[in-house]
Amino acid sequence: MPAKLPAVAAILAITLVIAVLTIHRLGAGDVCTGNEAVEGVFVQQMVEHGHLMFPLENGNVPMYKPPLFHWTAAAIDRIAGIRKVTAANLRLPSALYAIAGALLTMLFAYEILGLDAAILAGLALAASYQYISQGRFGRVDMTLCFFETLSLLAFLRWLPRDATLFGREARLESNLPALYSLAVGLGLGVLAKGPVGAILPAAAIVIFMIVERRGRQILTMLDPGAIIVGAAIASSWYLACYFGGRFAFLNRQLDTENVGRFFGSLGAMAPWYYLKPVLLNSAPLSLLVPIAAAYALLSPIVTSDSGDSTSPSAKGRAAVRLFAIFYFATVIFFSIAAYKRRSYLLPVWPATAVILAWWIVSIPPPAYRRAARRTFAALCAGLVVFNFIYIPRAEVRACIDDSFQPAAEEIARVVAPADPLYLYGFHEEVAPLLFYLDRDAPILDGRLGDAPPGFIILPAQVWKKHQSEALEFEPVLTSDHGNRHLVLIKRGKSYASAPLHFLAGRITALYLAQSSM
């Protein structure tokens with residue numbers, strides 16, 4: 001149904017709130033975690049060096065994730081005329097996907113459940129600590145969240161109104177453009193984070209069709225054109241890797257990052273790992289989600305025999321049941337997987353926001369529904385204020401002692417862009433340092449004394465330990481900032497540690513030489 005003016009105003013107002021929450025002080029915190037910095041290095045390669053298809057970290061490490069997030073960042077920077085990647089524009093794609101996902105969720109909730117549910121769903125997303133914090137983080141997870149949500153909503157738009165129809169009649173009742181939107185969403189989900197971007201929404205849809213006694217309509221979905229579109233989008237970059245001979249990218253993406261993570265080659269966590277994140281990632285809302293999802297899953301199935309399957313209430317129950325299936329399928333899938341991260345649960349938030357809104361507007365007795373809505377809205381409003389104040393400050397505090405930015409700026413004043421620069425002795429992800437160096441710095445192994453000519457960055461403790469085996473090297477810079485204690489060394493004598501004094505001496509010498517002529 002077309003949105004009326006008050007509804008449009010309310011939805012846009014909440015969208016604006018989410019925009020403020022995600023964009024306010026977006027670049028205040030430095031890029032100091034390995035996960036974010038790795039993506040930042042790949043975005044730098046695209047934006048600053050034009051390596052759009054196959055960027056490498058430090059000249060030899062292929063991408064960990066497919067490139068849709070990075071392409072989005074590069075497109076935004078190209079449109080805006082930005083030529084240098086910073087913390088803010090690295091994170092901006094996640095913020096925009098979060099805003100767009102919230103708007104899409106509210107529009108859908110308005111169409112299916114009405115204005116009150118749309119407002120409550122939007123407030124739930126604005127109040128969700130995980131949704132807002134991940135919308136301020138330069139990683140692929142919010143991109144995946146948006147396209148998995150798009151896939152589920154497109155499926156519900158495609159769904160034939162009558163559950164008993166199949167074959168040609170079901171095709172006539174269904175929405176063909178929505179089916180193609182579903183295919184596009186699944187394909188882009190794969191380009192966001194790999195096959196899981198299609199597996200989980202598709203699994204939830206198939207389970208939903210079976211539970212809703214629509215099994216015969218699954219065949220109706222198998223439109224050749226939609227299948228070709230979805231498969232072409234999903235496989236496009238992988239085929240480019242294959243035909244371009246970039247097998248290291250394929251091995252990293254499909255073997256290490258997908259199969260390896262699932263079966264434990266990157267480590268394993270306990271099956272109950274998600275118990276705390278499920279309940280507490282956005283408390284107290286996350287405490288309500290399993291209860292509301294259980295209500296949605298167990299709500300009566302509406303068929304042509306038991307009620308009007310085309311009524312708004314029936315459509316709403318069908319939608320929240322699909323969302324509940326998606327929620328539980330996601331939690332179960334990643335609980336089975338060996339390697340686990342809290343951010344893997346992010347894509348369920350738009351779906352669970354609709355479930356919470358439906359639960360608040362539908363489940364309480366009629367006499368208490370207004371009070372329930374007001375209480376939930378007030379709770380969300382308080383959490384919105386908390387997110388606005390706390391999250392940016394927490395981002396700054398988290399990096400205040402661990403950022404490599406001050407050290408990288410000092411090193412850049414000593415080492416010219418054309419000078420050889422290497423890393424030695426780091427036992428952690430070096431992407432946060434590379435991001436602020438904004439250049440490659442190959443990692444050296446073996447004896448420090450055998451290092452090639454050039455500058456070498458190493459931790460102060462490593463220099464202290466290996467100084468005796470590198471007698472031809474001398475420190476030209478010592479950088480101490482917070483927990484980062486680095487030494488820059490170079491073979492032979494150097495005056496680079498005092499570049500301004502050296503430059504002044506050279507200028508004086510040239511002036512005296514000219515004066516004597």
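The values are calculated or read from the model by the stated rules, or taken from the named source; none is laboratory data. Only a predicted model underlies this, so the values are computations on that prediction, with no experimental measurement involved. Virtual Cβ from ideal backbone geometry, glycine too; neighbours counted across all protein chains shown. Ligands, DNA and RNA are excluded from the accessible area calculation, which covers all protein heavy atoms including side chains. Shrake-Rupley method; radii C 1.70, N 1.55, O 1.52, S 1.80 Å.
The table that follows gives values for the structure above.
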| quantity | calculated |
| --- | --- |
| Identity of the residue in the stretch 447-472, modelled with pLDDT of 90 or more and in a loop (DSSP other than H, G, I, E, B), that ends up nearest to residue 407 (Cα to Cα) | 454 |
| Only one of 191, 156, 254 that is touching a residue at least 12 places away in the same chain (Cβ under 8 Å) and closer than 27 Å to residue 113 by Cβ | 156 |
| Given (1) modelled with pLDDT of 85 or more; (2) surrounded by fewer than 19 Cβ atoms within 10 Å (Cβ to Cβ); (3) under 26 Å from the mean Cα position of the chain (by Cα), index of the condition residue 265 fails | (1) |
| Sole exception among (1) in contact with a helix residue (DSSP H, G or I) (Cβ under 9 Å, 6 or more places away or on another chain); (2) modelled with pLDDT under 95; (3) not in a loop (DSSP other than H, G, I, E, B) for residue 402, by number | (3) |
| Matching residues in the stretch 151-185 - criterion: being part of a loop (DSSP other than H, G, I, E, B) and buried (at least 23 other Cβ atoms within 10 Å of the Cβ) | 159, 163 |
| Number of positions in the stretch 9-30 that are more than 22 Å from residue 79 (Cβ to Cβ) and in contact with a Leu (Cβ under 8 Å, 6 or more places away or on another chain) | 3 |
| Options 100, 109, 121; residue that is of a type in the set (A, V, I, L, M), in a helix (DSSP H, G or I) and either open to solvent by 20 Å² or more (accessible area, probe 1.4 Å) or without any contact (Cβ under 8 Å) to a residue 40 or more places away in the chain (or both) | 100 |
| Listing of helices (runs of 4 or more DSSP H) fully contained in the stretch 188-270 that carry 2 or more residues being among the hydroxyl-bearing types (Ser, Thr, Tyr) | 224-243 |
| Among (1) of a type in the set (Ser, Thr, Tyr); (2) touching a residue at least 12 places away in the same chain (Cβ under 8 Å); (3) open to solvent by 10 Å² or more (accessible area, probe 1.4 Å) - the single one residue 242 does not satisfy | (2) |
| Subset of the stretch 186-205 [in contact with a Gly (Cβ under 9 Å, 6 or more places away or on another chain), under 16 Å from residue 222 (Cβ atoms) and open to solvent by 10 Å² or more (accessible area, probe 1.4 Å)] | 186, 198 |
| Residue match in the stretch 66-80 (condition: under 15 Å from the mean Cα position of the chain (by Cα) and polar (S, T, N, Q)) | yes |
| Residue list for the stretch 355-374, restricted to those being among the hydroxyl-bearing types (Ser, Thr, Tyr) and surrounded by 13 or more Cβ atoms within 10 Å (Cβ to Cβ) | 362 |
| Complete set of residues in the stretch 422-442 that are surrounded by fewer than 21 Cβ atoms within 10 Å (Cβ to Cβ), under 21 Å from residue 43 (Cβ atoms) and of a type in the set (A, V, I, L, M, F, W, C) | 423 |
| Within the stretch 21-73, tally of residues that are in a helix (DSSP H, G or I), within 22 Å of residue 401 (Cα to Cα) and either open to solvent by 20 Å² or more (accessible area, probe 1.4 Å) or at pLDDT below 95 (or both) | 2 |
